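Novice: Below are the structure tokens for one structure; questions will follow.
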Amino acid sequence: MLAALKKNPAAKWLGLALVVIALAVLPFAVEAGAGRSWVRIIDFALLYIMLALGLNIVVGFAGLLDLGYIAFYAVGAYMWALLASPHLSANFPAFAAMFPGGLHFPIWILIPMGALVAAIFGVLLGAPTLRLRGDYLAIVTLGFGEIIRIFLNNLNAPVNITNGPQGINKIDPFSIFGIPFNKPLSVFGFTVPSVALYYYLFLALTIVIIVITLRLEDSRIGRAWVAIREDEIAAKAMGINTRNVKLLAFAMGATFGGVAGGLFAGFQGFVSPESFTLMESIMVLAMVVLGGMGHIPGVVLGAVLLATLPEAIRYTVVPAQKMLFDRQIVDPESLRMLLFGLALILVMLYRPAGIWPSPVRKREFATAEKAGKLEPEQYPDRTEASEGARL
């Protein structure tokens, strides 16, 4: 089907137009059919797509297992919260003298600032871990994510920077060209609800991030990331500066996380350390692995599924139990996580490359399955490796 679309430009443009129309009317159709709360869930799904695409650069392209990715999400969120709320002016006399009503930077400054600071933190994480791979890298990145969360939880004394576990509230809502996103917008007598305005903003930024990721994937940098993922020693022997390329992977992935974190802060109007736990990092990693590591459409699909299906289960579990047993037997949250874990296990058993893997990964897994049925002497590379180990 995709090949036919490539050969027929008219069909390609028609398909693109249909997708644009579907995305444009999606929030109104969802609100009419399932309620406004589901439009809000779609908004969060778009944030998770941004996070998954950022982590896909580190894990999917460069092959660097990162379990602390949510730390960059937290950095972007707190950067936005500090620069778009009265918190600093209320706790620091110097800021109160310069900004009596608090800091209220516009979105055009906040998004680049969040991305820049998150990228710096990405480099700070990447620099000490350049020699680490696999499990060791995972442990270090996990520790980094927890350190950031603990810092945010305790930076309320002796100087109150983050307000500790109470978090930062009164964060400014989005405002573009004087249009506030926290209120419905009337356009030619047609009312656009607030959640739909957020949807269009998040959708626009998600498309920008997808385009950037696609361009990176086909660039020299993207190919260098893939070369490092496949064989770092061979990549280094071919002249790739593995140090700089790996640092760039951490920085680019962190940048997308910082953008998503800032949008989260402005959307919620409140941030606290409990929003950035290890479970969130694992959830984003599961989106990448479940959808198809290194494959952008697969990662987007995995993010949408894992962001919406658990909520669908939550909304259906209680009514189903009451209909079958006349009472609630199992807590919806527990059952939701149980079914979520079961789904992941089934996918890993029957679709180890992901629901929508890239053609390269698909071939790799097919070759590995065939190779698993061969005799050991038919693996010359393994024989050479074992001889080298003996020497």
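The values are calculated or read from the model by the stated rules, or taken from the named source; none is laboratory data. Note that the coordinates shown come from a computational prediction; the quantities given were computed from them, not determined experimentally. Please note: Cβ atoms are built from the backbone with ideal geometry, for glycine as well, and neighbour counts cover all protein chains shown. The accessibility values were calculated without ligands, DNA or RNA, using every heavy atom of the protein model including side chains. Shrake-Rupley method; radii C 1.70, N 1.55, O 1.52, S 1.80 Å.
Novice: May I ask you to order 63-69, 145-151 by the average number of other C-beta atoms within 10 Å around their residues, highest value first? Present the calculation step by step, with values, prior to reporting the outcome.
Specialist: On the way: 63-69: 24.6, 145-151: 17.9.
Result, highest mean first: 63-69, 145-151.
Novice: Using the alpha carbon gyration tensor of segment 11-387, what are the three equivalent-ellipsoid semi-axes (square root of 5 times each eigenvalue), largest first, in whole Å? Show your work: numbers first, answer last.
Specialist: Numbers: eigenvalues 262, 156, 94 Å².
Each semi-axis is the square root of five times an eigenvalue, giving 36, 28, 22 Å.
Novice: Same structure, new question: Could you tell me which of rounded, prolate or oblate describes segment 10-61, using a ≥ b ≥ c as the square roots of the eigenvalues of the alpha-carbon gyration tensor, with rounded for a/c under 1.5 and, failing that, prolate when a/b is larger than b/c and oblate otherwise? Please report the intermediate quantities before stating the final value.
Specialist: Values: a/c = 4.73, a/b = 1.16, b/c = 4.07.
Taking the square roots of the gyration eigenvalues as a ≥ b ≥ c, segment 10-61 is oblate.
Novice: Okay, moving on. Residues with amide H under 5 Å of Gly269's amide H, sequence separation 5 or more or different chain, H placed in the peptide plane at 1.01 Å from N; which?
Specialist: Counting only residues 5 or more places away or on other chains, the set is empty.
Novice: Further, regarding this structure: With an 8 Å Cα cut-off and a minimum separation of 6 or more residues, compute the relative contact order for segment 11-387 in percent.
Specialist: Numbers: 553 pairs, mean separation 103.6, N = 377.
Once normalised by length, the contact order is 27 percent.
Novice: Report ³J(HN,Hα) in whole Hz for each residue of segment 64-71, in order, from the Karplus equation J = 6.51 cos²θ - 1.76 cosθ + 1.60 where θ = phi - 60°; Gly and Pro get x.
Specialist: In residue order, the calculated couplings are 9, 6, 10, 9, x, 4, 5, 4 Hz.
Novice: Now for a separate question. Please list, in order along segment 188-201, the HN-Hα scalar couplings obtained from phi with the Karplus expression 6.51 cos²θ - 1.76 cosθ + 1.60 (θ = phi - 60°), rounded to whole Hz, x for Gly and Pro.
Specialist: 6, x, 9, 8, 9, x, 4, 5, 6, 4, 4, 4, 5, 5
Novice: Using just the helices of the chain, give the 222 nm mean residue ellipticity in deg cm²/dmol: DSSP H runs with n ≥ 4 each add -39,500 (n - 2.57), and the total is spread over all residues, rounded to 500.
Specialist: On the way: 17 runs with 274 residues, N = 391.
Per the formula, -23500 deg cm²/dmol.
Novice: Now a separate question. Under 5 Å between amide H atoms, partner at least 5 residues away or on a different chain: which partners does Val192 have, H built in plane at 1.01 Å?
Specialist: Under 5 Å from the amide H of Val192: Leu185, Ser186, Val187.
Novice: Starting from 0.36 nm per residue, how many nanometres of slack lie between Ala32 and Val211 once their C-alpha separation is accounted for? Could you put the intermediate results ahead of the total?
Specialist: Working: separation 179, 0.36 × 179 = 64.44 nm, distance 3.07 nm.
Result: 61.4 nm gained on full extension.
Novice: Mean separation of Cα pairs under 8 Å and 6+ residues apart, divided by the residue count of segment 93-236: what relative contact order is that in percent?
Specialist: Working: 59 pairs, mean separation 14.1, N = 144.
Relative contact order of segment 93-236: 10 percent.
Novice: Ok, one more. When all protein chains stay in place, what accessible area (Å², nearest 10, 1.4 Å probe) is found for Ile233?
Specialist: Here the residue's solvent-accessible area equals roughly 140 Å².
Novice: What is the distance in Å between the Cα centroid of segment 46-78 and that of segment 288-367?
Specialist: Measuring centre to centre over Cα atoms gives 19 Å.
Novice: Note down the relative contact order for segment 160-241 as a percent, whole number, built from C-alpha pairs under 8 angstrom at least six residues apart.
Specialist: On the way: 31 pairs, mean separation 8.8, N = 82.
For segment 160-241, the relative contact order is 11 percent.
Novice: May I pose another question? Go through 316-325, 78-87 and give me the packing order, highest mean Cβ count within 10 Å leading.
Specialist: On the way: 316-325: 12.4, 78-87: 24.9.
Put in order of decreasing packing, that is 78-87, 316-325.
Novice: Do you know the Lys pair count in the chain for C-alpha distances under 27 Å, with sequence separation 8 or more or different chains?
Specialist: Lysine pairs satisfying the spacing and distance rule in the chain number 9.
Novice: Okay, next question. Compute the FRET efficiency between Phe92 and Ala127 as 1/(1 + (r/R0)^6), taking r as their Cβ-Cβ distance and R0 = 35 Å, and round to the nearest 0.05.
Specialist: Values: r = 30 Å, r/R0 = 0.87.
It comes out at approximately 0.70.
Novice: Residue by residue, what Karplus-based ³J(HN,Hα) values in Hz, rounded to whole numbers, does segment 326-343 have, using 6.51, -1.76 and 1.60 with θ = phi - 60° and x for Gly and Pro?
Specialist: In residue order, the calculated couplings are 6, 6, 8, 9, 10, 5, x, 5, 5, 5, 4, 5, 5, 5, 4, x, 5, 4 Hz.
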